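Undergrad: Sharing a structure, written as structure tokens. Questions coming.
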Amino acid sequence: MALTLYGAARSRASMVLWYLKEKAIPCDFQILDMKAGEHRQESFLAINPFGKVPALVDDSFQGPDGGPLALAESGAILLHLAENHAAEFGGDPGRAAALRSLSQQWVLYANATLGPAMFQAADRPEDLSRQLAVLNGRLAKDTSLLAGAWGPLPWGAADCAVQSYLAYLPMFCSGLDLSPYPAVQASIEATNQRPAYQEAMGSR
Ligand SMILES: N[C@@H](CCC(=O)N[C@@H](CS)C(=O)NCC(=O)O)C(=O)O
């Protein structure tokens, strides 16, 4: 079984790399030189025709062409790893199905709702403020987004996706006052202290 992750400097591949390191999943990390256009070369377009990173090749699964499974989109890659390499959704089938669905919800929320609100914060600051207020309430109750009736849960794909974006807040929205959201601030500080996060950020 071999996994290859394709990424680039300061790209969304860092999110996936962080997950792999937290879960100690072995993976070969290939850094593409985007300035030199390596993401537009035939060899990479065969893996992701959109020419974007991250992309993952997982030879423990067969893709539709009969070769190793090639996956694009950071969220899809995270959920694939959570399901098939980190066994995040094991145990009782009902609980596993709910955990899987909620993880999908948080990963899609991070990529489709939180990320865009951060990038559009200058034009629509109220959207980001509303989201941060909700996240602050959630994170004040528990640092794990899926915790609750199921008791304490290990850090997982849902946390990885949301915390990755939150950790970028001070950089992407440098003028934003985070003091109304102390639990979000604490989450960002905790992310920055995690050895696997530091390692992932250092090797991108
Ligand atoms: N929604 C995609 C976005 C992928 C994406 O836009 N990646 C950027 C780097 S962060 C990229 O490869 N850009 C190169 C290009 O668009 O040419 C994901 O989450 O993986």
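Residues checked against (1) outside any helix (DSSP H, G or I); (2) under 26 Å from A9 (Cβ atoms); (3) in contact with a Gly (Cβ under 6 Å, 6 or more places away or on another chain):
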site: Q131; (1), (2), (3): no, no, no
site: G137; (1), (2), (3): no, no, no
site: L145; (1), (2), (3): yes, no, no
site: W155; (1), (2), (3): yes, yes, no
site: C160; (1), (2), (3): no, yes, no
site: A183; (1), (2), (3): no, no, no
site: I188; (1), (2), (3): no, yes, no
site: T191; (1), (2), (3): no, yes, no
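Undergrad: Of the residues A133, A76, A72, A97, only one is under 21 Å from G156 (Cα atoms) and in the same structural domain as A157 (by TED's automatic domain parsing); which?
TA: A97
Undergrad: A further question follows. For the list (1) more than 12 Å from the chain's Cα centre (by Cα); (2) within 16 Å of S164 (Cα to Cα), I need the number of the one condition that N84 fails.
TA: (2)
Undergrad: Any residue at all in region 29-39 that's β-branched (V, I, T), crowded, with 16+ Cβ neighbours inside 10 Å and within 14 Å of the chain's Cα centre (by Cα)?
TA: There is no residue in region 29-39 that is β-branched (V, I, T), crowded, with 16+ Cβ neighbours inside 10 Å and within 14 Å of the chain's Cα centre (by Cα).
Yes/no per residue for (1) more than 10 Å from the ligand (Cβ to nearest atom); (2) outside any helix (DSSP H, G or I); (3) at negative phi:
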position	(1), (2), (3)
N48	no, yes, yes
V57	yes, yes, yes
G66	yes, yes, no
A76	no, no, yes
A87	yes, yes, no
A97	yes, no, yes
S101	yes, no, yes
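The values are calculated or read from the model by the stated rules, or taken from the named source; none is laboratory data. Just so we're clear, the structure is a prediction, and the values are computed from it rather than from any experiment. Backbone-built Cβ (ideal geometry, glycine too); neighbour counts: all protein chains shown.
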